[in-house]
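First comes the structure, then the notes that go with it.
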Amino acid sequence: MPVSTTDPKWPSALHWLQTGGSPDVSSLGIIGAPVTLGSITPGRHYDLGPNSIRESLAGFSTYDLDNAIDLLEIRAEDFGDLPVETLDPAEAFDPIVSGIRSALSRQPVLIVLGGNNSITRAGCHGIGESLSSCGLLTFDAHFDVRDLQYGLNNGNPIRALLKDGLSGSHIVQIGAHSYCNSKSYFEIARTAGITLATAQAVRARGVDTVVSRALEYLSTVTETIYVDLDLDVLDRTLAPACPGSRPDGLTLWDLRVAARLCGLHPKVRALDIVELDPTLDLASATTMAAANCLLSFCGGYLERSRASKLPIT
């Protein structure tokens, strides 16, 4: 992929990713986990998601006008894609766990580009030695607690994590909305002790309040936090490339604010961006939304890194 910049005074986010940026403040890693098998909706091409997101960065600059920060201050290390595109979720589990652990041994924070939502299970296992110290914050239209009897898929990573030993009290799910979930699966999530904040709650209370409270809560009960950003949490008009997206979802502004707040939080170790099938996209709307969330998370992380390096007075 060629470096995409022609104006030295307008460095693109793709150029930043390809050239590494500057390690003046801190650094982070990006890795692809292009799992597409094990999808409830057959025939999808989630394996194309990671490179699609990377390539769309060519249309973005590195400067956050609203918060007056430039991502060129941090270094991005792209580890490429893990070789999991032909594997089902069970087969891909160990390679993803190992890949995430290896990347986190070199970088303090990691962005994982999916791939379908099944990768979230491996992601949680990858950020620590034990699930007992892990917290999970999801942005998703669905609870992802479908039955496991038919195998692992992108509709049951949370159910699988509960079975693996992740406490429901360590999980907060934001963005579920009506007519996207069944009563049976709602009862499973509630019985497990999962904290739920619906899309309607986000609209009523404000995304910054809901996300800040979720992060504050998880930070009191866990040592590290994994964030799962399923793009189908967005309104269908904003995420045509997500088979699971439905009307009445979150706005892109909601998700950008959420991603930035997660990047800011000191206990967030990794974030995944999942459920993008570029072959379904319209005018690259979903792909660019994913890239925008990636950059917003990085901007929050830059602010976190700056704050940690402030001199003591």
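Taken together, the values in this text are just the output of simple stated rules run on the coordinates, not laboratory data. This structure is a prediction, so every number in the text was calculated from the model and none was measured. Cβ sites come from the backbone with ideal geometry, for glycine too, and all protein chains shown count toward neighbours.
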Reported set for the range 186-196 where residues are hydrophobic (A, V, I, L, M, F, W, C) and either surrounded by fewer than 21 Cβ atoms within 10 Å (Cβ to Cβ) or assigned to a loop (DSSP other than H, G, I, E, B) (or both) is PHE186, ILE188, ALA192, ILE194, LEU196
Kindly indicate the residue of the range 21-59 that is β-branched (Val, Ile, Thr) and within 9 Å of ASN116 (Cα to Cα) and also nearest to the chain's Cα centre (by Cα) among those meeting that condition.
VAL35
State the number of residues belonging to the range 65-101 that are part of a helix (DSSP H, G or I) and charged (D, E, K, R).
4
Scanning the range 113-142 for residues that are among the aliphatic types (A, V, I, L, M), assigned to a helix (DSSP H, G or I) and crowded, with 24+ Cβ neighbours inside 10 Å, which turns out nearest to the chain's Cα centre (by Cα)?
ILE119
Search the range 10-63 for residues being in a strand (DSSP E or B) and of a type in the set (Gly, Ala, Ser), and hand back the single one that is farthest from LYS309 (Cα to Cα).
ALA33
Considering every residue within the range 51-64, establish whether at least one is touching a helix residue (DSSP H, G or I) at 6+ places or on another chain (Cβ under 8 Å), aromatic (Phe, Trp, Tyr), within 18 Å of LEU302 (Cα to Cα) and in contact (Cβ under 8 Å) with a residue 24 or more places away in the chain.
yes
Can you tell me how many residues within the range 197-241 are assigned to a strand (DSSP E or B) and touching a residue at least 24 places away in the same chain (Cβ under 8 Å)?
9
